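In what follows, a structure is listed as structure tokens, so that the remarks can point back to it.
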There are 4 protein chains.
Amino acid sequence: MKRDDFLCQKVEPIELKTEMTVNELIEEFGKSQSFGAGRVSTACDVFERMVRDKNCTICLALAGAVVPAGLRAVIADLIRKRFIDVLVSTGANVFHDLIEALGGHHYVGHWSVDDFTLRKYHVFRIYDIFVPEEDFVKADAKLVEIFDEVAEESRGNTLSTNELIWKIGSRIADPKSIVRAAYDAKVPVFLPAIRDSEFNYVYWLHSMRQPASQPLKIDSFKEVQEFVDIVERSVRLGMVVLGGGVPRNTIQHIAATTRRGLDYAVVITMDRPETGGLSGSTLEETISWGKLKKTAENVMVIGDVMVIFPMMVAAVLERLGKDFIRRERSNQ
Amino acid sequence: MKRDDFLCQKVEPIELKTEMTVNELIEEFGKSQSFGAGRVSTACDVFERMVRDKNCTICLALAGAVVPAGLRAVIADLIRKRFIDVLVSTGANVFHDLIEALGGHHYVGHWSVDDFTLRKYHVFRIYDIFVPEEDFVKADAKLVEIFDEVAEESRGNTLSTNELIWKIGSRIADPKSIVRAAYDAKVPVFLPAIRDSEFNYVYWLHSMRQPASQPLKIDSFKEVQEFVDIVERSVRLGMVVLGGGVPRNTIQHIAATTRRGLDYAVVITMDRPETGGLSGSTLEETISWGKLKKTAENVMVIGDVMVIFPMMVAAVLERLGKDFIRRERSNQ
Amino acid sequence: MKRDDFLCQKVEPIELKTEMTVNELIEEFGKSQSFGAGRVSTACDVFERMVRDKNCTICLALAGAVVPAGLRAVIADLIRKRFIDVLVSTGANVFHDLIEALGGHHYVGHWSVDDFTLRKYHVFRIYDIFVPEEDFVKADAKLVEIFDEVAEESRGNTLSTNELIWKIGSRIADPKSIVRAAYDAKVPVFLPAIRDSEFNYVYWLHSMRQPASQPLKIDSFKEVQEFVDIVERSVRLGMVVLGGGVPRNTIQHIAATTRRGLDYAVVITMDRPETGGLSGSTLEETISWGKLKKTAENVMVIGDVMVIFPMMVAAVLERLGKDFIRRERSNQ
Amino acid sequence: MKRDDFLCQKVEPIELKTEMTVNELIEEFGKSQSFGAGRVSTACDVFERMVRDKNCTICLALAGAVVPAGLRAVIADLIRKRFIDVLVSTGANVFHDLIEALGGHHYVGHWSVDDFTLRKYHVFRIYDIFVPEEDFVKADAKLVEIFDEVAEESRGNTLSTNELIWKIGSRIADPKSIVRAAYDAKVPVFLPAIRDSEFNYVYWLHSMRQPASQPLKIDSFKEVQEFVDIVERSVRLGMVVLGGGVPRNTIQHIAATTRRGLDYAVVITMDRPETGGLSGSTLEETISWGKLKKTAENVMVIGDVMVIFPMMVAAVLERLGKDFIRRERSNQ
């Protein structure tokens, strides 16, 4: 590279005005192209291209308590619009979706309270969100009934996590529910660590009520083949990560084992690479594993998912316009 | 507190639509009130109230390389609108404002390059921004001339950092310049660590050209009295911190030594409290020092200034409307 | 509280000398009691008390790539000494233990390399560690054979993750192996997200070789009952978390669902609480869920596990002395 | 590079035993060479070589509240041993050293207290440290007297920050004081942001008591020439950074403007690079500025200074042995 190659595009000043749309703000970030503003601007570009690419299968990794924090309607909407083709989630986010779908709520709380007082009142805390234990109990009870029904229906056949979630989804009325939206849109929901969540307690309550041979059989390995099949049918593969953890690893692992590699990747996280964990690892690193193609469009945004992701989605919705339809149902 | 006190306000789902303004997005964050979304929403509320409060003196602390990254026009504009009454900055941010005002540029670069190649080409790197050394040299040369002129004008009198900056500002044409805007709007610019910046090198070049008795006398202590006088004339005091460091400490220190305490505070930072540094310290901690009033509206946003601050300003501009005028000039 | 209650213990200066043991350094941290030094010192105290408490069941949560980074011998040793009674791990850490046990290696690399070159050479990168693909392939092949054997042995019975790991452990010779140590010491190893790891690929290779009815049946729910039984037999419960994620959540969840609550907790992490994820959540928050007793001794250290944990273990080994035996085998 | 070049050194397992010295632990980290363990091990190597290099001028940058947290005796000792040749500090750390030297104290506190109660009791909080206001007042009073004396002594001559600190040091008895140690060892102490600290308040009290023409003249620019002279006399230049901020910038700036470049650099920080601030910037970036030589031995450790720095110093003291003398006084 010559000297001029390093000095070809100026950082343009961000300019704000009185009534800007979200995408107009992002366009200003694009003039800066620096630090977080540059990364967010690139994330919007990559997500836009992913969504416009009708031959791309978009996988969303969902970790961190974003559903309790109010992101469920956004995700359900993205699923209904088929901006997401596969959801890989922690068990907790899906369970908290069901808490709301089954009549429970999350409450605005504070991060600095006496947790022992909360304990006395049977109120659980997730940073600055409160959830009453009774809403867990209510969801548990309804889900045990659903598990009982599903067990009967499935007649001893083993279910994948997605098969279970769709069966639950078919019994949920709430249109803002992620689980219902996934059922309606036939978007698979994989829960690679389903056992590490309240679903595990529901399963235990359910199995107590069943004769030894009858409880539901859930196999978390079974979803792998389903995910592999989807990837192998896909022309291109995209990943959007909220947080990291098992959901990010699961998508990257499938991209490597199927020898496809991701074509697009956006990661939003606060984790950092130096301690060596997967959640903070750079997207460059994933190239060495064959998880990301060398030519992939990719960016890692360092920030709070609850701020960055809605901003990114709002900007891309604006770019696509009201009449944009991602995919004809008949084409699937 | 009774149990119901903990469960009185539900987390409402964030909902996005095709063409949202920035403030509409922030209002959605306000429905969540959780995690980063809640903090950003509160930051907009606090900043709005600060700006609407015509008896509040608003101090902006500027640290981190936000000017190279393209934030200078935003800050200059806020100064011209008198949304900021006092600017406390690192020397570097003001110097980089002058680099652009004097014809230099910052360039879009990349964080992963061979820095030794940059070195060979005399190109400096600030994360993913490149600056050619020649633009420093050009600014140095022009500033030395200005220093010479100012030395003659001031005839041996000692200048505060603000007096120096205004004298420079009067010689700058660029309307997007922070320094010019501050001069025009008569907004003081304090540089408590002016010696720790390129100004120091300019000063040295200047003093080499002067007979021993003649160089400019800059006293970084002198600004203290100026700042104290402003605070003592103020009814209320507000602080907005981008980053932290010396600028944040300077404002908080004045709030304590004048025994006024801040009435409003917004801090945007990525630093964390556990290692005990000032930049990551909580706003609660500042109450113990008398720097923040117990009743002050305050919030700390954990995020990248380049994303959060423009978002917050755009939302507040929208709330105030086009016809809002913060302060009549004649009232000052 | 009266004023003097806030001012009763002075921060004593840390003093260093030429030949200090690790515990002598920690004792100096204990004189400071401040910032990270205070937290590390408290972590050693809590871990020491946990280990001295023969009626405490100590659960270690293992996330992040600490085994590739060289921590396997430390963990294997702690298992053999019964300083750990239950290991809850990501699949990856256990798999990387087996890579080494089966003749593979991890190599000292660098975080700043061309990952595409690594890709060409079939070398995988974990931050600054390199692993050749061939060592994965070798481990995969040997594990498929073990899976085949275990499938035959188990005759269609479903295995928990721990039963699988012990069966593997019985076939491993390497005494530094975590898996072998766990088998020898009869320390259960739970892998709540086993499906999200290379074990999943091994399972798939194995199942390809088997007639449809014969492959191994692994049920990640089955370990729950095993873990519950252990907790219910325990007088007290302790947790040491390296990293966070699913392993931390699993232990905390068991502590809550069994209504026992943890008596001791040490968490070492770099995650922060504000974004609301489990890994960065404070230990105070876990009190609201009944996962941690109000009276529990607990501390969260903000730091790199690879530095903090060996330091803590070395200090506690020194405090206990060479002749300390945690538990007579006959007592189990 | 060929494939084998990437796979030449194995990650060896860390092994712990009952009575290890700090350096034995660091040697184990050196066997791992990975993540934080590798960085700490390298930091010890680089610091050791710096100290053994009698032609290297070692500059320590001191930011963050490490003196309140108990690090003053360690730093004073390093100064007396001439392991540090130049100290560049925030005003606060030096002021807190004087609080203790003048009879005040810092107290062990807690990060989660009601700060308004502290406010009522005139107790200041620094994360988990408490300082009574009266100890500030006591130090202020004594320092005003010293300022009065120094003003008389200096007869209108302008002082650099270091000249001021040495004059204070000559009046301090406490041998554990950084300021006294610096005076005794003739190690310069530069305070580039002296105005941003309690020194500023002392200065104001002092100037109130003086006839207009008589107060002390402190020029923060004057230290620059002193620092330049030291660097130009040096054969090689080393930097150890605790935290970042103005002290780190000052040293790096001198290394660039004198066109020497650093030969050794160790940075210990929790800041990250992506937001573009100086404190989190990589050492690679400083190469582009000519602040760090391409061939320099350097490492950045991500961690809490209060843990990492004492550990590193203890290890290096052990490596050097009791009889090591860094520099003959007569050679200076």
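The values are calculated or read from the model by the stated rules, or taken from the named source; none is laboratory data. Everything numeric in this text was worked out from a predicted model, so none of it was measured. Virtual Cβ from ideal backbone geometry, glycine too; neighbours counted across all protein chains shown.
Quick look at the numbers
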{"quantity": "Candidate set from the range A:153-178 (those that are of a type in the set (Asp, Glu) and without any contact (Cβ under 8 Å) to a residue 60 or more places away in the chain); member that is surrounded by the most Cβ atoms within 10 Å (Cβ to Cβ)", "calculated": "A:Glu163"}
{"quantity": "C:Val307 vs. criteria buried (at least 24 other Cβ atoms within 10 Å of the Cβ), part of a helix (DSSP H, G or I) and within 14 Å of chain D (Cβ to nearest Cβ)", "calculated": "yes"}
{"quantity": "Meets criteria (of a type outside the set (S, T, N, Q), part of a loop (DSSP other than H, G, I, E, B), facing another protein chain (nearest Cβ under 7 Å) and without any contact (Cβ under 8 Å) to a residue 24 or more places away in the chain) for D:Lys294", "calculated": "no"}
{"quantity": "The range A:278-291, residues that are assigned to a loop (DSSP other than H, G, I, E, B), in contact (Cβ under 8 Å) with a residue 24 or more places away in the chain and out of contact with any Phe, Trp or Tyr (no Cβ under 7 Å at 6 or more places or on another chain)", "calculated": "A:Leu278, A:Ser279, A:Gly280, A:Gly290, A:Lys291"}
{"quantity": "Index of the failed condition, D:Phe116 passing every other in (1) outside any loop (DSSP other than H, G, I, E, B); (2) within 14 Å of chain B (Cβ to nearest Cβ); (3) under 18 Å from the mean Cα position of the chain (by Cα)", "calculated": "(3)"}
{"quantity": "Those residues of the range D:52-80 which are within 13 Å of another protein chain (Cβ to nearest Cβ), out of contact with any Lys or Arg (no Cβ under 6 Å at 6 or more places or on another chain) and either of a type in the set (D, E, K, R) or in a helix (DSSP H, G or I) (or both), in sequence order", "calculated": "D:Val67, D:Pro68, D:Ala69, D:Gly70, D:Leu71, D:Arg72, D:Val74, D:Ile75, D:Asp77, D:Leu78, D:Arg80"}
{"quantity": "Search result, residues across the range B:273-304 that are surrounded by fewer than 24 Cβ atoms within 10 Å (Cβ to Cβ), polar (S, T, N, Q) and out of contact with any Leu (no Cβ under 7 Å at 6 or more places or on another chain)", "calculated": "B:Thr282, B:Thr295"}
{"quantity": "Candidate set from the range B:22-51 (those that are in contact (Cβ under 8 Å) with a residue 60 or more places away in the chain and among the polar types (S, T, N, Q)); member that is farthest from the other protein chains (Cβ to nearest Cβ)", "calculated": "B:Thr42"}
{"quantity": "Residue in the range A:1-51 that is surrounded by the most Cβ atoms within 10 Å (Cβ to Cβ), counting only those that are in contact with a Lys or Arg (Cβ under 7 Å, 6 or more places away or on another chain) and in a helix (DSSP H, G or I)", "calculated": "A:Val51"}
{"quantity": "Criterion: modelled with pLDDT under 95 and within 14 Å of chain D (Cβ to nearest Cβ) - qualifying residue of C:Arg260, C:Arg326", "calculated": "C:Arg326"}
{"quantity": "Answer residue from the range C:85-108, given it is surrounded by fewer than 24 Cβ atoms within 10 Å (Cβ to Cβ) and assigned to a loop (DSSP other than H, G, I, E, B) and is nearest to the other protein chains (Cβ to nearest Cβ) among those", "calculated": "C:His105"}
{"quantity": "B:Arg272 vs. criteria more than 21 Å from A:Asp128 (Cα to Cα) and out of contact with any helix residue (DSSP H, G or I) (no Cβ under 8 Å at 6 or more places or on another chain)", "calculated": "no"}
{"quantity": "Among the residues listed as B:Leu237, B:Leu317, the single one being assigned to a strand (DSSP E or B) and of a type outside the set (Phe, Trp, Tyr)", "calculated": "B:Leu237"}
{"quantity": "A:Trp111, sole failed condition from (1) assigned to a helix (DSSP H, G or I); (2) of a type in the set (Phe, Trp, Tyr); (3) within 8 Å of another protein chain (Cβ to nearest Cβ)", "calculated": "(1)"}
{"quantity": "Index of the failed condition, B:Glu274 passing every other in (1) away from chain A (no Cβ under 12 Å); (2) acidic (Asp, Glu); (3) touching a Ser or Thr at 6+ places or on another chain (Cβ under 9 Å)", "calculated": "(3)"}
{"quantity": "Pair list, Cβ < 7 Å and 6+ apart or interchain, from the range B:1-16 residues that are of a type in the set (S, T, N, Q) to residues that are at pLDDT 95 or above", "calculated": "B:Gln9/A:Tyr107; B:Gln9/A:Val108"}
{"quantity": "Conditions (1) more than 18 Å from C:Ile79 (Cβ to Cβ); (2) within 13 Å of another protein chain (Cβ to nearest Cβ); (3) acidic (Asp, Glu): number failed by C:Glu226", "calculated": "(1)"}
{"quantity": "Within the range A:186-214, tally of residues that are assigned to a helix (DSSP H, G or I), among the aliphatic types (A, V, I, L, M) and surrounded by fewer than 20 Cβ atoms within 10 Å (Cβ to Cβ)", "calculated": "2"}
{"quantity": "Whichever residue in the range D:215-256 is of a type in the set (Ser, Thr, Tyr) and modelled with pLDDT of 95 or more and, among such residues, is surrounded by the most Cβ atoms within 10 Å (Cβ to Cβ)", "calculated": "D:Thr250"}
{"quantity": "Selection count, the range B:89-144, where residues are of a type in the set (A, V, I, L, M) and in contact (Cβ under 8 Å) with a residue 24 or more places away in the chain", "calculated": "12"}
{"quantity": "Residue in the range D:134-156 that is modelled with pLDDT under 95 and outside any helix (DSSP H, G or I) present", "calculated": "yes"}
{"quantity": "Flag for B:Leu317 being touching a Ser or Thr at 6+ places or on another chain (Cβ under 8 Å), within 14 Å of chain A (Cβ to nearest Cβ) and among the aliphatic types (A, V, I, L, M)", "calculated": "yes"}
{"quantity": "Selection status of C:Ala182, at the interface with chain A (Cβ under 10 Å from one of its Cβ atoms), buried (at least 20 other Cβ atoms within 10 Å of the Cβ) and either assigned to a helix (DSSP H, G or I) or among the small types (Gly, Ala, Ser) (or both)", "calculated": "no"}
{"quantity": "Verdict on A:Asn200 being among the polar types (S, T, N, Q), within 23 Å of C:His253 (Cβ to Cβ) and at pLDDT below 95", "calculated": "yes"}
{"quantity": "Every residue from the range D:199-223 that is more than 10 Å from chain B (Cβ to nearest Cβ) and among the polar types (S, T, N, Q)", "calculated": "D:Gln210, D:Ser213, D:Gln214"}
